[in-house]
Amino acid sequence: MIDSIINYSSIASLILGILFILIGSIGILRLPDVFSRIHASGMIDTAGTAFIILGMCLQSGISLITAKLIFIGIFIFFTSPITGHVTANLARKKGLKPITNNKGKTL
Amino acid sequence: MMFLAILFSISVCFLLILIRLIAGKTTYDRILAANSIGTIVVLAISIHGFYMGRPEFIDISIVYALINFIGTVAVLKLFDKGKLGDK
Amino acid sequence: MINFKSIILFFLLLGFWLLMSGHYSILITSLGIISCALCVYLTIKANILDNEMLPLYFFPRLLQYTLWLIKEILISNIETAKVILFKTEDPELFTVKSSQASNEGKVTYANSITLTPGTVTTQINENVFEVHALTKSFGDDVRSSQMDKMVSWLEKGK
Amino acid sequence: MNNLILKVCTKVLFTPIILFGLYVQFHGDFGPGGGFQAGVIVAAAFILYAMVFGVDKCKIIMPTKLNFFLLVLGAFLYGFVGIVGLILGEPYLSYDLLGSTKQSGQHIGILLVEFGVGLTVCNVMICLFYSFANFKFGSNKND
């Protein structure tokens, strides 16, 4: 009983993760400029990764594998904003203008 | 069987991002796409470990995540300064 | 120079090693202790063992902050998915002020902004951040400075 | 790169990456891993540090002389463990007599040889980075 509940929730979590990754890749294709695409890339790195790792953790039960999977999750959560920020920062520094429609203050 | 289906769907996402990597207008688009492909490959390696029934191979995906991060930083620095040395 | 911080770092690294290892023979565990000591030595020699590297005063409130951040990430993920699939994007670029005093607080705030999809920190100048948001509602979320208050709470505990 | 986030996060990541490299080094006989991978991971931590804080700062932790010394020491360790077997009347690189029993001898021998390989690979990577770090890519005109 408990086993089948864990199994089904693991499958649901994996499918949800795949869905988020798919939406993120569509976003990377569809959105107009680098700064918007970073948001879609961030979706892959946060929701997609988190749900797939959650699904695999449920699949493996309490073991060393779960600890390593959680460690991968923490590592990707920690490094994803750094690469996103550094890419955006470099694009801004090299003078790329994002497509916006506001006249707000910028640095 | 389930893991095979998931690997297949991950490869579809991989191909979608690959289109952006080839078509991307600016360099930053390409770097971003390469970074996203790296994240997807990290997940695919660990799922492949489950599919083969040897989840010990998760160590490899940690190494891949590490090299993905350091490689992205190195490429960005190369575009910023033209060399990897001084800060 | 062995101080309180380096001892804490040593035990954190030892916990990490024991969590990853899975083989608890005397040889492997003693190699682990030697490895952790080597890592602490390299950290001290590189002169990076300060509050920016190991903000110990974050730790009592870190768990609650992480849970709150995960909730925010989930909500903004769903919003971003809606924008990508159904709506047209309406990007904007604006500046916000951060009220954190220390570098580690500022970095936590900037990383939290980037980690929630829909908003990206593009530049940092002292305590003014330039933020790119996917739609106006994401921008309003950042401008309402709820996250700023949470990070300040994480930093100061008030 | 003169970037606050990158600097602070490199400080946080430097130590765990080295510890993970040493973990891969010493668990090479239980799973995937071993000397080559561990050397590359440890070198990656030093390279990240050198890229963000500058090569001069990295040379404080790993001076060029120490780098060369460890490079040679690793190769020497590999050869020496092999020669010990040869002196004790066994074929080259057979570790049976290093421990009290055959199995523990094998374990110690493999650990020592892998440690030598890891040390050499790590220091060759750092040495290559030091050599190529100031090589200018692209046009030579601007600065």
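Just so it is clear, none of the values below were taken in a lab; they were calculated from the coordinates. For clarity, every value in this text was computed on a predicted model and none was experimentally measured. Neighbour counts run over all protein chains shown; Cβ positions are idealised from the backbone, glycine included.
For the protein assembly as shown, the equivalent ellipsoid derived from the alpha-carbon gyration tensor has semi-axes of 39, 27, 22 Å in decreasing order.
Among A:Ile52, A:Ile44, A:Ile11, which one shows the biggest mean-square fluctuation in a GNM of chain A, springs joining Cα atoms closer than 10 Å? Looking only at A:Ile52, A:Ile44, A:Ile11, the largest GNM fluctuation is found for A:Ile11. Listed by chain and number, the aspartates and glutamates whose alpha-carbon sits under 20 Å from that of C:Lys87, ignoring those within fewer than 8 places in the same chain, are A:Asp33, C:Glu79, C:Asp140, C:Asp141. Any idea what angle helix C:26-45 forms with the longest principal axis of chain C, computed on alpha-carbon atoms, 0 to 90 degrees, nearest 10? So the helix axis and the longest Cα principal axis differ by about 60 degrees. Where only DSSP H runs of four or more residues are counted, chain C gives -20500 deg cm²/dmol as its mean residue ellipticity at 222 nm, each run worth -39500 (n - 2.57). Cross-link partners of D:Lys59 among aspartates and glutamates, defined as those whose alpha carbon lies under 19 angstrom from its own and excluding same-chain residues fewer than eight positions apart: B:Asp86. Please go through the residue pairs A:Lys93/B:Lys25; B:Lys25/C:Lys82; A:Lys93/C:Lys97 and name each one whose alpha carbons sit more than 22 Å apart in this structure. Those over the limit are B:Lys25/C:Lys82.
Sorting the segments D:41-47, D:61-67, C:137-143, C:53-59 by their mean number of nearby beta carbons within 10 angstrom, highest to lowest, gives D:41-47, C:137-143, C:53-59, D:61-67.
Membrane-span-like helices in chain A (whole DSSP H runs, Cα extent of at least 18 Å along the helix axis, mean Kyte-Doolittle hydropathy of at least 1.6): A:2-30. Relative intensity of chain B on a log10 scale, I(q)/I(0) at q = 0.14, 0.16, 0.18, 0.19 Å⁻¹, equals -0.59, -0.72, -0.84, -0.89, per a Debye sum over C-alpha point scatterers of equal strength in the absence of solvent.
Which of rounded, prolate or oblate describes chain D when judged by the alpha-carbon gyration tensor and an a/c cut-off of 1.5?
Because a/c hits 1.5 or more and a/b exceeds b/c, chain D counts as prolate.
In terms of distances greater than 18 angstrom between alpha carbons, the cross-link table entries B:Lys81/D:Lys7; A:Lys94/B:Lys77; A:Lys94/B:Lys81; A:Lys68/D:Lys11 yield A:Lys68/D:Lys11.
Is the shape of the range A:2-93 best called rounded, prolate or oblate, per the rule: a/c under 1.5 gives rounded, else a/b larger than b/c gives prolate, else oblate, with a ≥ b ≥ c the square roots of the Cα gyration tensor eigenvalues? Because a/c hits 1.5 or more and a/b fails to exceed b/c, the range A:2-93 counts as oblate. Out of every Cα-Cα pair in the range C:4-45, what percent are more than 16 Å apart? The calculated P(r) of the range C:4-45 puts 32 percent of pairs beyond 16 Å. When the alpha carbon coordinates of the range C:1-110 are projected onto the principal axes, the ranges are 60, 35, 24 Å, largest first. Rounded to the nearest 20, the size of the Cβ-charge dipole of the range A:2-93 about its Cα centre is 340 debye, with Lys and Arg at +1 and Asp and Glu at -1. Relative to the Cα centre, the charge distribution of the protein assembly as shown, modelled as +1 at Lys and Arg Cβ and -1 at Asp and Glu Cβ, gives a dipole magnitude of about 1400 debye.
In this Cβ point-charge picture (+1 for Lys and Arg, -1 for Asp and Glu), chain D has a dipole of about 640 debye about its Cα centre. Counting only aspartates and glutamates at least 8 places from D:Lys65 when in the same chain, those with an alpha carbon closer than 17 Å to its own are D:Asp56. Ordering D:Leu128, A:Asn89, B:Leu16 by the projection of their Cα atoms onto the charge dipole of the protein assembly as shown, which places +1 on the Cβ of Lys and Arg and -1 on the Cβ of Asp and Glu, puts A:Asn89 at the extreme positive end.
When chain C is treated as a GNM with alpha-carbon contacts under 10 Å, the residue of C:Ser99, C:Ser30, C:Ser76 showing the greatest mean-square fluctuation is C:Ser30.
If you take all other residues with their beta carbon under 13 Å from the beta carbon of C:Glu52, and give Lys and Arg +1 and Asp and Glu -1, the sum is +1. Placing a pseudo-label 7 Å from each Cα along the Cα-to-Cβ vector at D:Lys57 and D:Gln103 gives an inter-label distance of 4.8 nm.
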